Amino acid sequence: MPDYKLMAKQIESLAEIDSGFIPLLSNASAILNEGLERINWVGFYLMDNGSLLLGPFQGKAACVRIEVGMGVCGSAVKEGRVLRVQDVHDFPGHIACDSASQSEIVLPIRSGGKIVGVLDIDSPETGRFSEDDEKGLMMVTAAIESAADFSRLRT
């Protein structure tokens with residue numbers, strides 16, 4: 001089981017150096033990539049003028065812009081909740097940036113009461129993400145929400 005508490009603490013510690021969202025999310029994606037097994041992509045999409053724009057990530061090249069309500073990321077924003085998809089092929093409108101991805105979890109990130117982006121993690125294994133992963137990743141996103149300065153984001 002990944003040490004989600006440690007990952008959250010590492011992110012909080014890095015925010016003490018610089019709380020700007022770009023360096024913090026860049027390091028957060030690296031921390032998650034190192035700390036999670038059996039994933040093929042981890043990163044962030046950030047709200048930019050009404051749609052999601054690719055942010056810091058680890059993995060293969062990815063979709064640059066996703067409209068709210070489209071795919072798992074856009075649906076998580078529209079619904080305002082975590083989406084844990086055991087088989088992306090069963091998700092209507094799934095956007096396949098990497099054909100190797102089989103399961104996905106997307107967690108909204110909030111600042112000032114509104115969604116400013118999402119944490120998106122893909123796995124090449126069907127059913128990779130459990131309820132325990134969801135709870136642990138919610139600790140990570142809570143650390144990001146409390147530590148990151150999103151004031152320069154163009155929502």
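The values are calculated or read from the model by the stated rules, or taken from the named source; none is laboratory data. Predicted, not measured: the structure shown is a model, and the values here were computed from it. Cβ atoms come from the backbone with ideal geometry, glycine included; neighbour counts cover every protein chain shown. Surface areas here come from the heavy atoms of the whole protein model, side chains and all, with no ligands, DNA or RNA. Shrake-Rupley method; radii C 1.70, N 1.55, O 1.52, S 1.80 Å.
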*Enumerate by residue number the trypsin sites (Lys or Arg not before Pro) in the stretch 1-90 meeting two conditions: DSSP loop (anything except H, G, I, E, B), and at most 13 other Cβ atoms within 10 Å of the site's Cβ.*
R38, K60, R81
*Taking the chain as a Gaussian network, Cα atoms linked when under 10 Å apart, which of I17, I39, I121 shows the biggest mean-square fluctuation?*
I17
*Express the carbon and sulfur contribution to the solvent-accessible surface of the chain as a percent, rounded to the nearest whole number, probe 1.4 angstrom.*
49 percent
*Hey, in the GNM for the chain with a 10 angstrom Cα cutoff, which one of D48, D90, D120 fluctuates hardest?*
D90
*Gyration tensor (alpha-carbon) shape descriptor, the stretch 109-155, a/c threshold 1.5*: prolate
*Please identify every one of the chymotrypsin sites (Phe, Trp or Tyr not before Pro) in the stretch 32-68 that sits in a loop by DSSP and has no more than 16 other beta carbons within 10 Å of its own beta carbon.*
none
*Take the chain, connect every pair of alpha-carbon atoms lying under 10 Å apart with a spring to form a Gaussian network, then pick out the residue of S99, S130, S19 with the largest mean-square fluctuation.*
S99
*Compute the accessible area per residue over the stretch 69-155, keeping the other protein chains in place, probe 1.4 Å, unit Å².*
45 Å²
